[in-house]
Amino acid sequence: MDEMEEELKCPVCGSFFREPIILPCSHNICLACARNILVQTPDAESPQSSRASGSGVSDYDYLDLDKMSLYSEADSGYGSYGGFVSAPTTPCQKSPNGVRVFPPTVPQPPPQQQQHLLPHPSSLPPIPRNSCITCPQCHRSLILDERGLRGFPKNRVLEGVVDRYQQSKAAALKCQLCEKSPKEATVMCEQCDVFYCDPCRLRCHPPRGPLAKHRLVPPAQGRISRRASPRKISTCTEHELENLSMYCVQCKTPVCYQCLEEGKHGTHEVKALGAMWKLHKTQLSQALNGLSDRATEAKEFLVQLRNMVQHIQENGVEFEACLVAQCDALIEALNRRRAQLLAQVNKEHEHKLKVVRDQISHCTVKLRQTTGLMEYCLEVIKENDPSGFLQISDALIRRVHMTEGQWGKGTLTPRMTSDFDLTLDSGPLLQTIHQLDFVQMKVPAAPMLQLEECCTQNNSATLSWKQPPLSNIAVDGYILELDDGSGGPFREVYVGTETICTVDGLHFNSTYKSRVKAFNASGVGQYSKTLIMQTSEVAWFTFDPASAHPDIVFSNDNLTVSCNSYDDRVVMSNSAFSRGVHYWEMTVDRYDNHPDPAFGIARGDVLKDVMLGKDDKAWAMYVDNNRSWFMHNNSHTNRTDGGIAKGSTIGVLLDFTRGILIFLINDEQQGPVAFESLEGTYYPAISLNRNVQVTLHTGLPIPDFYTPGEADPTGSVC
């Protein structure tokens with residue numbers, strides 16, 4: 001349980017969470033600490049007014065760094081706080097996480113009560129307009145809306161876990177208001193939820209005034225009632241009178257029926273709260289199973305590392321004794337060199353010990369953090385509050401997966417071997433004793449392919465490898481070999497010191513074999529195991545911002561393009577084709593004033609500031625609202641009736657087996673075969689101006705009307 005304690009402490013005050021709230025970034029903070037770190041932004045730069053008028057803006061607008069930086073301390077009288085304009089400079093303290101905590105503006109209770117009692121919300125002053133809060137963990141800043149801190153949901157699950165943890169750690173019921181050594185509690189106030197000893201009860205809870213109606217019970221009974229007290233029913237942060245009953249899948253938050261009927265969740269996908277609660281519990285449990293396996297492996301790995309320390313010490317002593325015996329056999333000539341060699345061995349000895357001990361320390365810390373997260377998650381799973389659980393489950397699942405991933409990237413692999421890979425060469429004559437040194441006489445071992453990092457994407461392949469974990473033989477470089485994708489001989493595609501390589505320009509729908517070997521001054525080592533990779537059957541690609549004209553505007557993950565200029569501008573894809581049959585489509589999202597965009601293929605050095613097809617590097621069809629033409633090297637051919645409009649679909653079919661290019665409009669072939677005898681490498685490309693917006697669709701099957709065969713005399717496809 002001690003490992004979990006870090007999960008239960010506020011990053012601002014460093015104490016256990018008290019009335020924690022959940023920030024939009026999924027981190028938690030005490031309600032009182034949240035008030036202390038609030039800062040106020042200038043009215044002129046606040047986006048409050050725009051948020052009030054816009055219906056599509058989110059509840060929390062993150063600050064514009066560039067805009068806020070226009071204000072300086074000298075000009076506005078405001079101090080800077082975390083890159084944002086803060087409240088007027090006042091004395092402040094720093095939390096354990098380095099966050100500036102501004103003194104509260106309300107009267108504080110006596111010191112003995114500050115740690116345990118929070119001011120009632122009605123006694124706190126209203127949140128200043130345009131207040132800003134910065135998360136002390138991820139440092140994301142946001143401006144509060146008119147609800148202030150009430151807009152953040154309370155983390156009742158975390159509050160319950162903290163309460164159970166504190167109760168499990170408490171050996172006896174102590175007074176919560178004693179300043180130094182707490183005395184044993186004699187009573188508990190059910191209304192105040194505080195344990196008192198007799199002196200503190202007389203001083204802080206006199207039986208008069210409003211406190212006379214409070215019920216004082218024995219500590220044991222109060223502890224039982226505290227544990228058994230029912231949780232408050234979850235209510236919506238926007239509609240405080242409504243209970244949370246549904247879960248918004250899009251926003252990943254519990255909502256009430258009024259949010260669905262009147263609020264911003266009306267058009268979102270929602271599911272039953274209980275069903276999502278069970279689903280997320282199952283997901284968290286499954287993720288914990290994987291993390292638990294990693295923790296078990298880490299414990300075994302630590303045992304292995306500790307054994308290695310003993311082996312290194314034993315091998316070091318043995319190697320030192322052998323070295324002394326060899327040096328004694330060479331009599332006086334070896335005595336001068338022996339001291340230097342012993343120093344070298346001791347240095348290697350200490351280096352190995354340092355590496356292994358450092359790894360033990362690092363792995364121990366990581367295991368402690370992992371164990372703490374596991375215990376915390378197990379406590380969270382025990383909660384029976386669906387909405388409270390769902391408020392934090394996504395963040396916990398991500399953390400568990402992230403922590404599990406950290407264990408899987410070579411963390412449980414020894415960084416050092418216990419063997420001393422040193423060979424003493426005693427062959428030289430006595431006159432060369434002063435040159436006596438250790439030499440490396442081994443070729444590198446066969447590299448190991450890291451299958452989890454090897455992958456193919458479209459017509460490129462990425463391979464990653466490493467040396468065997470216990471090999472310390474020097475490596476000068478690596479040689480990567482691939483075949484031709486058709487079962488042909490291997491050829492070298494990379495020679496260098498890197499352990500990862502991406503090979504582009506492979507053929508689609510092809511199977512490649514790859515292998516790698518290492519070399520050093522002693523020679524070339526053995527090949528690794530052969531890896532078989534399959535490139536994509538069909539091409540998935542996007543438009544390429546790096547090669548496009550600067551006037552082209554990209555959106556929708558580079559699948560949608562438009563233009564800022566009235567002149568035609570060219571944009572190409574990020575993938576090139578040289579073999580196979582490929583088909584892609586483009587839909588016209590906007591079409592104003594009857595422009596004539598061009599669609600087709602191009603070489604990598606095509607002109608970007610003219611219509612596609614104006615030079616000899618492109619083959620295209622340009623089309624308006626009534627007719628189309630084929631164009632290459634500024635030669636216009638095959639005028640065909642039928643144009644495009646908003647919503648039209650243009651298809652491009654490139655067949656390298658027959659060397660032809662065909663165009664379609666709305667699933668119908670437009671004109672005859674556009675171009676023939678195509679060979680080489682081509683990029684899908686288009687040209688357009690500011691009157692057109694186009695969206696690309698890739699990975700499509702070949703149209704049903706097209707089958708391999710010969711072209712008839714009219715030029716249509718058989």
* Expressed as a rounded percentage, what relative contact order does the stretch 573-718 have, with Cα pairs under 8 Å and six or more residues apart? -> 32
* To do: Distance check, please: which entries in 9/252; 9/154; 442/517; 299/366 exceed 19 angstrom between their Cα atoms?
  => 9/252
* Sequence-distant or interchain residues sharing an amide H contact under 5 Å with residue 613, placed H: which? -> 618
* To do: Mind ranking 413-421, 639-647 by how tightly packed they are, going by the mean number of other C-beta atoms within 10 angstrom, highest first?
  => 413-421, 639-647
* To do: Kindly rank 557-570, 529-542 from highest to lowest mean number of other beta carbons found within 10 Å of each residue.
  => 557-570, 529-542
* Asked: Once phi is turned into ³J(HN,Hα) by the Karplus curve 6.51 cos²θ - 1.76 cosθ + 1.60 with θ = phi - 60°, what whole-Hz value does each residue of the stretch 510-521 show in order, with x for glycine and proline?
  -> 10, 10, 10, 10, 9, 7, 9, 9, 10, 9, 8, 5
* Principal axis dimensions, the stretch 448-534 - Cα atoms, whole angstrom, descending -> 39, 26, 18
* Packing-based ranking, highest mean first, of 465-471, 485-491 given that Cβ atoms within 10 Å are counted -> 465-471, 485-491
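Every number here is computed from the coordinates shown, using simple stated rules; none is lab data. Since the model is a prediction, treat every value here as computed from it, not as a measurement. Quick reminder, even Gly has a Cβ in these numbers, built from the backbone with ideal geometry, and neighbours come from all protein chains shown.
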